[in-house]
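Accompanying notes for the structure given below.
The values are calculated or read from the model by the stated rules, or taken from the named source; none is laboratory data. Just so you know, these numbers come straight off a predicted model, no measurement behind them. Using ideal geometry, Cβ is built from the backbone for each residue, glycine included, and neighbour counts are taken over all protein chains shown. Please note that ligands, DNA and RNA were not included when accessible areas were found on the heavy atoms of the full protein model with its side chains. Shrake-Rupley method; radii C 1.70, N 1.55, O 1.52, S 1.80 Å.
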Amino acid sequence: MRILVHDHCGHAFPVHLSRELARRDHNVLHLHCTNFLTGKGALEPQGDDPASLTLEGVDLGEDFEKYSFFKRMAQERRYGDLFVDRARRFEPQVVISGNTPLLSQRRILSW
């Protein structure tokens, strides 16, 4: 199965889930926001990762401005569009998405 796991923040548990799903013979794309400043999990490829796991960041090209209302709204929309562009190319059968800002998640759900 082609599974897209999306954790906007890049926390430890979701990337662990992605690794375990890939170990169980699923083709997994794990996406996160590279520009969201918070504690991150092991988002870089590791030597024992299955070949069926791809770890990628969605890059806004600037820091995510979580405390600037208007800037954040624009970034959330743009992030949703960038996510959908990447997801379309992967053609997942299942999308698991969490810890995602509302405007981004709305765009993902619309897709």
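Quick notes on this one:
- Candidates Arg86, Arg77, Arg19: the one that is open to solvent by 60 Å² or more (accessible area, probe 1.4 Å) and either among the hydrophobic types (A, V, I, L, M, F, W, C) or part of a helix (DSSP H, G or I) (or both) is Arg77.
This table checks each residue for (1) farther than 19 Å from Trp111 by Cα; (2) in contact with an Asp or Glu (Cβ under 6 Å, 6 or more places away or on another chain).
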| position | (1), (2) |
| --- | --- |
| Gly41 | yes, no |
| Pro45 | yes, no |
| Gly61 | yes, no |
| Arg72 | yes, yes |
| Asp85 | no, no |
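- Looking only at segment 51-62, and only at residues there that are out of contact with any Ser or Thr (no Cβ under 7 Å at 6 or more places or on another chain) and part of a loop (DSSP other than H, G, I, E, B), the one that is most open to solvent (accessible area, probe 1.4 Å): Ala51
- If you go through segment 63-74 and keep only what is part of a loop (DSSP other than H, G, I, E, B) and open to solvent by 60 Å² or more (accessible area, probe 1.4 Å), you end up with Asp63, Glu65, Lys66, Tyr67.
- Tally, over segment 96-109, of residues that are β-branched (Val, Ile, Thr) and either open to solvent by 60 Å² or more (accessible area, probe 1.4 Å) or more than 10 Å from the chain's Cα centre (by Cα) (or both): 2
- Some residue of segment 36-50 being free of Cβ contacts under 8 Å to residues at least 60 places away in the same chain, under 14 Å from Ile96 (Cα atoms), out of contact with any helix residue (DSSP H, G or I) (no Cβ under 6 Å at 6 or more places or on another chain) and open to solvent by 10 Å² or more (accessible area, probe 1.4 Å): no
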